[in-house]
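Peer 1: Provided herewith is a single structure, encoded as structure tokens, for subsequent inquiry.
Only the coordinates and a few stated rules stand behind these numbers; no lab work does. Source: prediction; values computed, not measured. Positions of Cβ are generated from backbone atoms using ideal geometry, with glycine treated the same way; all protein chains shown enter the neighbour counts.
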Amino acid sequence: MQHINQLSAPDRDRRCGCDVRCARLSEERWSGGVGREGQAGFCEIMHEQCINTQRVHRKSLVRRSVRCGTADAILLDMLPRIFRLLRSALVAIVTIHPVLAAQGTAADSAARAARADSARRVAAVRVTITRTDAQADAAPWAVGVVTTSQLRDGRATLGVDEALSSVPGVVVSNRYNYSVDQRISIRGAGARANFGMRGVKVLLDGVPQSLPDGQSQLTNIDLGDIARVEVLRGSASSLYGNGSGGVIAFTTDLSASDPFATTLRTTAGSFGLRKWQSRSSGRTGNMVGSLSMSRTTVDGARQYSNADLRQLMAATDWALANGVTLALRAAIAETPVALNPGALTAAEYAKNRDSAAAINVARGASRAISQNQFSLRASHDDPAGRSWAATAYVVRRFVDNPLATTPAGTSVATVGTYSTINRWVTGVRLDASQPLGAGPAAPRLAAGLDAQQSTDIRRNSRATGGHPSVATDTVLLFQDEIVTAIGPFAQLTWEPVRRVHLDAGARWDQLRFEARDHFLGDKVDNSGARSMTAATGHLGVSWSLAAVFSPYANWSSAFETPTTTELNARPDGAGGFNPDLGPQRVRTVELGARGRAGLASYTFSVFESYADDAIIQYLATDGRSFFRNAGRTRHRGVELGLQWQIASWLSATGGWTEADYRFVRYIIPRGTAADTLNGKYEAGVPARVVRVGVDARVAGATVSVDNTWSDAQFADDKNTQRVDGTGPGVLNVRVSGSGGVGTVRWSPFAGVNNATNRAYVGAVTINGASGRVLEPAPLRNYYLGVELGWRAAR
């Protein structure tokens, strides 16, 4: 086995993803017998899922309908077992609940009063990422919340690794390369992405930042303008459709308590970092709004890695007299330049870890983006508990993307591929909910529809030094790619017994992929269409047994189609879509608990997922990736999040993720032979990540220290290229303070990333050709800044 003795984990921020939990009133005592029965039932499902299932063999046709029949059959086959499990749990709860309720005593009343006082001091955390307005403690899902202070205090607000790396189960691999987004993996979903994001649904104020084919991007998101992030870990296609192995929901900051307020935040740091951001917000009558503008420029920690990012975000909410609220959002983003230094080989890394791949420089590898997004949402909630919401949105995106990919028929060092995309995206989201009875415990039915269409005009041509040739005979690919998705869904929530919450949902998704080939110079018309459909569902139960222990369990499913970029990356170089690449289907079971004891809180979960026909990126060469369906993968793991207010001036957080991501069945044909990769680890995601953070308020300043340990990972499916973990870890230190006079406020801040100057790899390029897999993280680096604010006197 070849060992690449380098380190590989992204910087982490300081806070844990577990949110402050609401202390609950409860007379019950934990009954271990009920817990063992529930656990045994879910273990039975896990065991049953290990039984071999028939793989659906797809016909190699350009025009065909791929139906996720296997997923539907498995779902139907598992439903009796799931219902038996939930029936047993409900019988036990209904039997035990009256007995426990009858055990009230004077001591219980005193304890109840004490807990009520605690509940008044600790606000309940509510989430909407489950497509219902629910209390986080009662949700039968693994849900985490990142607050405003965790997003901004003392931070440079440059990337989502600052916001999400604290959430257990979430791994953010920072490539420190603005031409490709950071890789976000939730329980292994999304780990295959060498550029952009896959397998994770992203929302901004409820508007999808994901395309109908499942590809997501973060172009419109600036952490300096975000008030809150909710993260749902686990299969969620029954809520959000295609590509929902996990969900991340960002919420814009509209907390305007003054008629008018404005702030200016400036940051400067190592490697030529410069960022400024201005935010203005105001409130008048029934309207509140904000306007944010920012620009970030950086020379980069590596050669050939400078970037320039510009963003503008306008948001307003208006409450009308008839009880309807209108929410208008406008986002404009420009990235005039983001150079791509590419990945390094082990020899290049050892010689100069700050260097760029020579072929990327010679061929001008980079990316430029222009994107506009507009959305309008109308919503209404009435006193009877009924609600509805309707959202319409449109996105316009242009991408100029010189690649280091070698065009067919040439081997000149400076000749690469120039790819352009002209994209339109339109969509609507409809939601409505209705209580099916009176009282807060009555069942609530929610239903809705998601519809979305994207149209890409994609053109690839030969280029020299990153500049396209004018000659028309250099065209390599010219086609329209149209993806249409529609997904009706329904969800039922119910509290059949006090403090027991049930959540069930189902969804049907249909997607159509169409390619219209406009390049007929090769005498072949590769136009064609494919359809993919899937039924998904979820079933969960939670029990708010006591403040210290609230268990939950769920079963859920997901499906994920190939993206258009993956479909048009045909090994034969032809246009149209790859007829041999189909969707993957995922089923997940999960057990978890959350609770609070005094000033400490925790979250805990155990999960297991199986993916059939998993989409695997098996080759990356000169900036181009190619994909195939593997037989089966298995993801299983344990997640733990802790938060402890040790003293009024001192707090600590911790997160631990231990996971096992493997191929259960994966055979790669090689002519008359084959490579069998059964039992191999999936590439691109470490098996263990541990993070500890401490915040201390001293002399009017806040000092934050966090350290992240990451285990080794593999850079290839065959597990021959091992990238070491971070050893003693990556240490970050931040200091921030605040002061002011009258209506003027100031908040200086500074930080040191990788304070121990550790050399490690931030991310890997999965299955990179010729061993080109290492994407280095910076050594010790600094930043400092100040935020100045002014508000109008009331």
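Peer 1: I'd like to compare 416-423, 240-247: which one has the highest average count of other Cβ atoms within 10 Å, and what's the full order after that?
Peer 2: The packing order, highest mean first, is 240-247, 416-423.
Peer 1: How much length, in nm to one decimal, is gained on full extension between V741 and D675, taken as 0.36 nm per residue of separation minus their Cα-Cα distance?
Peer 2: My answer for the length gained is 16.8 nm.
Peer 1: Okay, moving on. Could you sort 162-169, 266-273 so that the peptide with the highest average Cβ count within 10 Å comes first and the rest follow in order?
Peer 2: Order by mean packing, descending: 162-169, 266-273.
Peer 1: Full extension from T345 to T414: what is 0.36 nm times the residue separation minus their Cα-Cα distance, to one decimal in nm?
Peer 2: Here the answer is 22.9 nm.
Peer 1: Place the peptides 668-675, 357-364, 135-142, 526-533 in order of packing, highest mean first, counting for every residue the other Cβ atoms within 10 Å and averaging per peptide.
Peer 2: 135-142, 357-364, 526-533, 668-675
Peer 1: To continue, here is another question. Which one, L273, T252, L218, is farthest towards the positive end of the dipole of segment 208-334 when Lys and Arg carry +1 and Asp and Glu -1 on their Cβ?
Peer 2: L273
Peer 1: I would also like to ask the following. Would you calculate the separation in nanometres between label points at A314 and F374, each defined as 7 Å from the Cα along the Cα-to-beta-carbon direction?
Peer 2: 1.0 nm
Peer 1: Right, something else. Shape verdict for segment 246-292, please, from the Cα gyration tensor: rounded (a/c under 1.5), prolate (a/b greater than b/c) or oblate.
Peer 2: It is oblate, given that a/c is not under 1.5 and a/b is not larger than b/c.
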